[in-house]
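The values are calculated or read from the model by the stated rules, or taken from the named source; none is laboratory data. Please read these numbers as outputs of a predicted model, since none were measured by experiment. Using ideal geometry, Cβ is built from the backbone for each residue, glycine included, and neighbour counts are taken over all protein chains shown.
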Amino acid sequence: MAGRIKPDDVALVKERTSIEDVVREHVTLRRAGPGSLKGLCPFHDEKTPSFTVRPAFGTWHCFGCDEGGDVLAFVQKVEHLSFAESVERLAGRAGVELHYEEGGGPRGGEDGLGRRARLVEAHRASAEFYHQVLLDAGHAEARAGRDFLRARGFDSSAAATFGIGYAPRSGEALAGYLTSRGFAAAELVTAGLVALGRRGPYDRFRGRLLWPIRDITGDTVGFGARRLFDDDRIEAKYLNTSETPIYRKTSVLYGLDLAKRAIASQRQVVIVEGYTDVMACHLAGVTTAVATCGTAFGVDHIKTLRRILRDEAGGTPARTVFTFDGDAAGQKAAMRAFEEDQRWASQSYVAVADAGLDPCELRQRSGDEAVRGLIADAVPMFEFAVRTTLARFDLATAEGRVQAMRAVAPMVAAIRDQALRPEYTRTVAGWLGVEVSQVAAEVQRAPRGSNGPRRRAARVDTEITAPERDSAARTGLPSPNLRNPVVDLERQFLQVLVQHPASVPVEAVRLLDRAAFTEPVHQRVFEAAVSAWKALGGAQPGAGVSAAAWVDAVVTEAAAGDYDLGPVVVQIVSEQLKAVAAPGEGLDPRFVSSVVNGLREVRLVRQIAEATSALQRMELADPEQARTMSIELTARQRELAELRAEGFA
Ligand code: ZN
């Protein structure tokens, strides 16, 4: 397992990264008031911009879908990366060397990040080399590769999009090229690009057409290689990079770097069998297609996809379409996928073209439209699996029907959603031509599989929750009702405290406590800000640190409590103050004192009301106690009178 990245390094990466630059790669931003930028949210559909970036605070927040956070949260969400991957991604561009806490190196490697970067660089250089060879019209051998592509309907622009290359037969071309670029033989062996023979290093791929396999971020981490020549001593039609520190065939999905956005926005993923099928689908407009690389679709692939689909959680369940050859092997793959499907929350479909054509062949024969139609007409996995099983029996005989019924009953029994079982029981009875009660009885008797309980546990894990409208709503605490003027006043104070801490009189912060806020969310945010102030030291909240560091500290404190209120703090950072000022510039002191005094007044009025009613009860029960309370009440009333006399503009 990879060790955690040291927190100091994470902080350094954030400090050296301009959130504005990073966001601008994905969103067109316009100035919207001092210190504030706005654009159309990349995470939900909208016509008017509600996606707000505040560069000085290092935060972004969307007032439409209530997503928000720091630059790492943005990269995670927009690129569908894990936290560690986002840090590594930004560290690369900021030139920060990462250190990992005890227990391992970066993901997939044992050494420092340096090694991963070297292996990725070696792959980038190789992909470029192979692609240039393929394009080189003077390279006679490479013609076989070009012909292969042309015969399947792929032109040079398709080859460029997918970075396809040709590996010369000589066996030393790549090794020589990379060595001349300063790579050591040992590195290239580790990368799986070169092997060591008796006469020195030789190329792993020879005389083959190559597809660079890119990870989700677009880094090339391996190759898939297609046999082209009859005298190729390696019989296998396809060769893939073997396991390396950066290439894990059980989790990598070919085409994911190109498909991830479409998968998230369309809530659909199409699993095809080969590199050419991915190409054919994308070129035909099915931009959600990916393929496994020389291995069956498995649990790790599901994990990768689940992250993308969960990111864009919505009301409708995600749709997974498997395309399989119509032959026996393809059907077996479908059956296996059906088993896997029980672990995952999306609805699965199977698309099988007439005559068992794969998407690439279908596109050549019938065009782009046919490929889109194939995916659109996919049938539910359950129907496909049951019909495939039924086809093995002679349903014309009573005995055949009984055997078929016994074969499919466990499949009905395995359906996770119990509410759907009666419906499927009826459907199966219809296909079999038997009484519904007969099938129902058989389903009752059928074994449910040994992994029943695990299946239920997995379901909880995969459940996709609908997004909430408000950051606070997600915390489990009631959302503050900002239409209430008292609550709005509380909010304004918190906006000032988080966005302009230097403008808040220290006295004011000392005079206030949890009880000054009516909303539980506001109470906790206030306490988080006070804790952050104490943690950072300084005479004044936010003193001695940058605006971004102050916000970061408040977010950290707010996230540490029993409810994660980090997103609420980010939202408050992004809210427009009623008195406009740029971050770092002082606010009009009259505005600040009006808010602070307003808050104090509301609180005093509330305390006086409470004390008055308590006093009335106490006068009968405990006159001595009542006298003390009365003195306190008088003090509060005087305080209120003074506050009102001072006036607040
Ligand atoms: Zn949004």
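A few comments on the model shown:
- Test: residue in the stretch 184-204 that is closer than 27 Å to K303 by Cα, in contact with a Ser or Thr (Cβ under 6 Å, 6 or more places away or on another chain) and not assigned by TED's automatic domain parsing to the domain that holds A144: no
- Subset of the stretch 20-36 [touching a residue at least 40 places away in the same chain (Cβ under 8 Å), more than 16 Å from the ligand (Cβ to nearest atom) and assigned to a helix (DSSP H, G or I)]: V22
- Output for the stretch 135-162, where each listed residue is in contact with a strand residue (DSSP E or B) (Cβ under 7 Å, 6 or more places away or on another chain) and more than 18 Å from C360 (Cβ to Cβ): A142
- Any hit, the stretch 89-100, residues being within 16 Å of the ligand (Cβ to nearest atom), part of a loop (DSSP other than H, G, I, E, B) and of a type in the set (V, I, T): no
- Put simply, of R146, R116 the only residue that is among the basic types (K, R), modelled with pLDDT of 95 or more and part of a helix (DSSP H, G or I) is R146.
- Test: residue in the stretch 6-22 that is in contact with a Phe, Trp or Tyr (Cβ under 6 Å, 6 or more places away or on another chain), surrounded by 14 or more Cβ atoms within 10 Å (Cβ to Cβ) and hydrophobic (A, V, I, L, M, F, W, C): no
- Residue identified as more than 30 Å from A284 (Cβ to Cβ) and part of a helix (DSSP H, G or I) among A140, A186, A195, A159: A186
- Some residue of the stretch 66-82 being surrounded by fewer than 20 Cβ atoms within 10 Å (Cβ to Cβ), assigned to a loop (DSSP other than H, G, I, E, B), on the phi < 0 side of the Ramachandran plot and within 12 Å of the ligand (Cβ to nearest atom): no
- Cβ pairs under 9 Å, 6+ apart, first in the stretch 37-51 and over 19 Å from V573 (Cα atoms) and without any contact (Cβ under 8 Å) to a residue 12 or more places away in the chain, second more than 6 Å from the ligand (Cβ to nearest atom) and assigned to a loop (DSSP other than H, G, I, E, B): K47/L40; T48/L40
- Per-region count, the stretch 51-62, residues within 14 Å of the ligand (Cβ to nearest atom), of a type outside the set (V, I, T) and out of contact with any Cys (no Cβ under 9 Å at 6 or more places or on another chain): 2
- Tally of residues being within 10 Å of the ligand (Cβ to nearest atom) and either in the same structural domain as A579 (by TED's automatic domain parsing) or more than 17 Å from the chain's Cα centre (by Cα) (or both) across the stretch 40-50: 5
- For the stretch 198-216, a residue qualifies if it is out of contact with any helix residue (DSSP H, G or I) (no Cβ under 6 Å at 6 or more places or on another chain) and either part of a loop (DSSP other than H, G, I, E, B) or at pLDDT 95 or above (or both), and the qualifying residues are R198, R199, R204, F205, R206, G207, R208, I213, D215.
- One residue alone among G274, G224, G218 is on the phi > 0 side of the Ramachandran plot and of a type in the set (G, A, S), and that residue is G218.
- Helices (runs of 4 or more DSSP H) fully within the stretch 496-586 counting 1 or more residues that are touching a residue at least 12 places away in the same chain (Cβ under 8 Å) and acidic (D, E): 520-536, 547-560
- Subset of the stretch 44-54 [surrounded by fewer than 20 Cβ atoms within 10 Å (Cβ to Cβ) and of a type outside the set (S, T, N, Q)]: H44, D45, E46, K47, P49
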